[in-house]
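The structure appears below as structure tokens.
Please treat every number below as a calculation from the coordinates, not as lab data. Everything numeric here is computed off the predicted structure, so don't read it as measured data. Glycine gets a Cβ as well: all are built from the backbone with ideal geometry, and neighbour counts include every protein chain shown.
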Amino acid sequence: MAPSFDHLREEDLDEEDIDMDEVDISDLREKYEVQLEQGYDTFVVIDGLPAVSEEQKPKLIKFLLKKLNTVGKTREDMIYMPMGDDGMSLRFAFVEYSSPAEASAAVRQLDYVPLDKKHTLRVNKLTDIDRYGREGRISEEFVPPKIEPFQEKEHLRWFMADPADRGRDQFVMYRGDTVGVFWNNEKDQPENIVDRQHWTETFVQWSPLGTYLTSVHAQGVQLWGGASWSRLRRFPHPFVNLVAFSPGEKYLVTWSNRPIQIPDSGHPVLTLDDDGKNYIIWDIETARPLRSFAQQDIHPEEHGPKKGPPKFPWPVFKWSADDKYVARLNQGTSISIYELPKMNLLDKQAVKIEGVMDFEWAPATVQREGVKTYEQLFCFWTPEIGNNPARVGLMSIPSKQIVRTLNLFSVSDVKMHWQSEGTYLCVKVDRHSKSKKSQATTLEIFRVKEKGVPVEVVDTIKDTVINFAWEPKGDRFVIITTPEPVGATAVPPKTSVSFFCPELKKGNQVGSFKHLRTLEKKNHNAIYWSPKGRFVVIATVHNTQSSDLEFWDLDFDGEKPENEKDLAACLQLMGTGDHYGITDVEWDPSGRYVATWASAWKHTMENGYHLYDFKGELLREEHIEKFKQWQWRPRPPTLLTKEEQKQIRKNLREYSRIFEQEDAERISSADVAVVEARRRLLNEWYAWREAIEKEVAEERAALGLPADPAAELLKRKIAEVAPDAQEQVIEEIMEEVLEETEEIVN
């Protein structure tokens, strides 16, 4: 654009003294020239459009604008749809948005979106198409894609078929710089499957269904699996600190305390839109990022690089049970719910809940009485604001309808605990007195599957509840209470452990929750239920003065009682244990074994692990220097129906006899195997010796040497001493008394 000289006055110019051709106006040109935008980051290319005529084109553009404006701002004059020589459109269009961010949002949210029943949009950035063309990825001539020959891949759930046919479980151990995966062999040395040095840089983690083993590195996250333990996926998030899977293993969330920095040369997977972000949500199947988020957008108070784990609870992004939704908390204002896999906000806006402090998804898809439509549930709570009471709510998604609310007063804190099948929700409410000098706890239990979602209050608790845990796939729970204020103390306070279960009504209907028993003056602070229910371990962890373990059975007489009787009689202590310095406890997925370990991440005293059976019998212990981590490999849900599982439990004694016989045969076969191994070694020795003797005899025959040199040497010596001596055979008779009896005869 030529510079403007309107600001100059005519009297300032003397034509006789100035030759316009010789005037240097480069400084003015540089100062007043309008700089046109050089980039095309605001442009996208829309493919997959129907072919229309010139008369039909305005109608198509108007219809297309409805979708384009859902992610940004554009107009009719900012859409260019080229036409062909035949007067029909070429089925694509160029669209300009008002900002590069809106163009990126269009690519992310409109790609693969149906335009109508016959047409699906494909959206790409204009700069990406130009870049692929410059790099030679797009040829001017069409070349049909080369179809690679089919290659059979390893089965990712091969671990479900134990080669020893004993239904063993796998676990991973991280000690020193070595990561190893093992088969559990009860009392015997675990069978090593794979052992690798420097397999990870920080920690390892199984995916929720046990398909992948995760390793974490400065360059990103890697997933391993299959019988050969090959690398299956790679997610290049630099300096990643934490990872979290969706329940169905479809998606992965990674977080780094360092914002992402995209170099000038580019990144193989991430784009400039991800620059400065801390969170990335990935599609595991394609290993592609779906969306990224900045730390300051989610937790403004945590903005800036920090060392160590975040102060806010992890995971930040929480998943619905079916992987269709993921949500994050905007504390105090709203909850943002995103639909997968597009990662677009549900109904294009967050769910506004004034003062919201926390929320939790139901861990399973709940079918409520009288509700036939599809829904996922989550609960949330808000504190007391002004004269308004605290509130706990239950919301249905995607309708966003409030299913149930409960008002609370004098609230200090609230914790929400879902039962594993979503049947119950326990809201643990810490309440303070009017003077705020004392504190007590009540349990508000929502019966989610019943009509109207009734709420039962358990207010028989006098002390503060410091731990709560539902029985998996059951309706009982255990709590740990303390009469002293919660907080850091020089000496850990004494605690009490209480067991609760519902009363049984006619027809096996669940009645009100009843207190069974309380264990007084304990040091326990942790509850670990068996994944199959019934058995529970009450433990003392992270305590330098105590390290007790108690193994309890809540159905000591067998199945749950079907009529009203003393339920407390079924509660029995099966065994106890003591593991000094214990930091972690974990059940195996079958509910048969319990692993406890002292991690070097927490302290350096007597690191190692103990292995117990469900009764509390110590099967194995091993002290390992720099022992860091133990994790059982999860199993996917069973394919058996509830009726088939019930039939197995009914005939469990018959199966037990078979298993006991197999165990006895295995033990005896182990002894036989030792004998056979020794006999095999002896036979190998005899065979080797025979082969050597035969080889020596052949060599002597070839050299003309005697076959028995010792006998030949003896003959020579005899001949030298007595040349005329004849060979004499000396026979020696030896008698041996085998048995001697003495009998007196009258």
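A simple packing score, the average count of other Cβ atoms within 10 Å per residue, orders the peptides 686-697, 283-294 as 283-294, 686-697, with the highest score first. Listed by Cβ neighbour count within 10 Å, with the fewest neighbours leading, ASP297, ASP588 appear as ASP297, ASP588. Of the residues PRO100, ALA51, MET83, the one whose Cα sits farthest toward the positive end of the charge dipole of region 43-134, with +1 on the Cβ of Lys and Arg and -1 on the Cβ of Asp and Glu, is PRO100. In this Cβ point-charge picture (+1 for Lys and Arg, -1 for Asp and Glu), region 43-134 has a dipole of about 380 debye about its Cα centre. Give me the percent relative contact order of region 159-296, please, defined on Cα pairs under 8 angstrom at least 6 residues apart. Once divided by the residue count of region 159-296, the mean separation gives 12 percent. The string of couplings for region 314-331 from the Karplus curve (6.51, -1.76, 1.60, θ = phi - 60°) is 10, x, 6, 8, 10, 9, 6, 5, 9, 6, 7, 9, 9, 9, 9, 8, 9, 3 Hz, one whole number per residue in order, with x for Gly and Pro. Spelling out what I want: for every residue of region 193-209, take phi, set θ = phi - 60°, compute 6.51 cos²θ - 1.76 cosθ + 1.60 (Karplus), and round to whole Hz; glycine and proline get x. So the Karplus estimates, Gly and Pro as x, are 9, 8, 9, 9, 7, 6, 5, 9, 9, 10, 7, 10, 7, 7, 6, x, 9 Hz. Within the same chain, lysines fewer than 8 places from LYS694 are excluded, and of the rest, those with a Cα less than 30 Å from its Cα are LYS715, LYS717. Rounded to the nearest 500, the helix-only mean residue ellipticity at 222 nm of the chain stands at -5000 deg cm²/dmol, with each DSSP H run of n ≥ 4 adding -39,500 (n - 2.57). The listed peptides 433-443, 147-157, ordered by packing as a protection proxy, come out as 433-443, 147-157 (highest mean of other Cβ atoms within 10 Å first). Taking a straight Cα-Cα cut-off under 24 Å and skipping sequence neighbours fewer than 8 places away in the same chain, the lysines within cross-link reach of LYS628 are LYS187, LYS306, LYS307, LYS311, LYS602. Only lysine pairs 8 or more places apart or on separate chains count here, and in region 43-134 those with Cα atoms under 22 Å apart total 20. Under a model in which nothing but the beta-carbon of Lys, Arg (+1) and Asp, Glu (-1) is charged, the chain shows a dipole of about 4480 debye around its Cα centre. Specify whether the C-alpha gyration tensor of the chain places it in the rounded, prolate or oblate class, a ≥ b ≥ c being the square roots of the eigenvalues: rounded for a/c under 1.5, otherwise prolate if a/b is larger than b/c and oblate if not. Note, shape of the chain comes out oblate. Here's the picture: charge each Lys and Arg Cβ at +1 and each Asp and Glu Cβ at -1 in the chain, and of ILE744, VAL392, ALA244 the one pushed furthest to the positive end of that dipole is VAL392. Treating cross-link reach as a plain straight distance, find the lysines whose alpha-carbon is under 16 Å from the alpha-carbon of LYS250, omitting any fewer than eight places away in the same chain. Reachable lysines: LYS318, LYS324, LYS342.
With unit charges on the beta carbon (Lys/Arg positive, Asp/Glu negative), name the residue among VAL448, SER433, PRO483 whose Cα is farthest towards the positive pole of the charge dipole of region 406-497. Going by the Cα projections, it comes out as SER433. Dipole magnitude for region 322-481: computed about the Cα centre from +1 point charges on Lys and Arg Cβ and -1 point charges on Asp and Glu Cβ, it is near 260 debye. Computed on the chain, with alpha-carbon pairs under 8 angstrom and 6+ residues apart, the relative contact order is 6 percent. Averaging the sequence gap over all C-alpha pairs within less than 8 Å and six or more residues apart, then dividing by the number of residues, gives region 43-134 a relative contact order of 39 percent. The phi torsions of region 85-95, fed into the Karplus equation with coefficients 6.51, -1.76 and 1.60 and a -60° offset, translate into couplings of 5, 7, x, 10, 5, 8, 6, 8, 8, 9, 10 Hz, rounded to whole numbers, with Gly and Pro shown as x.
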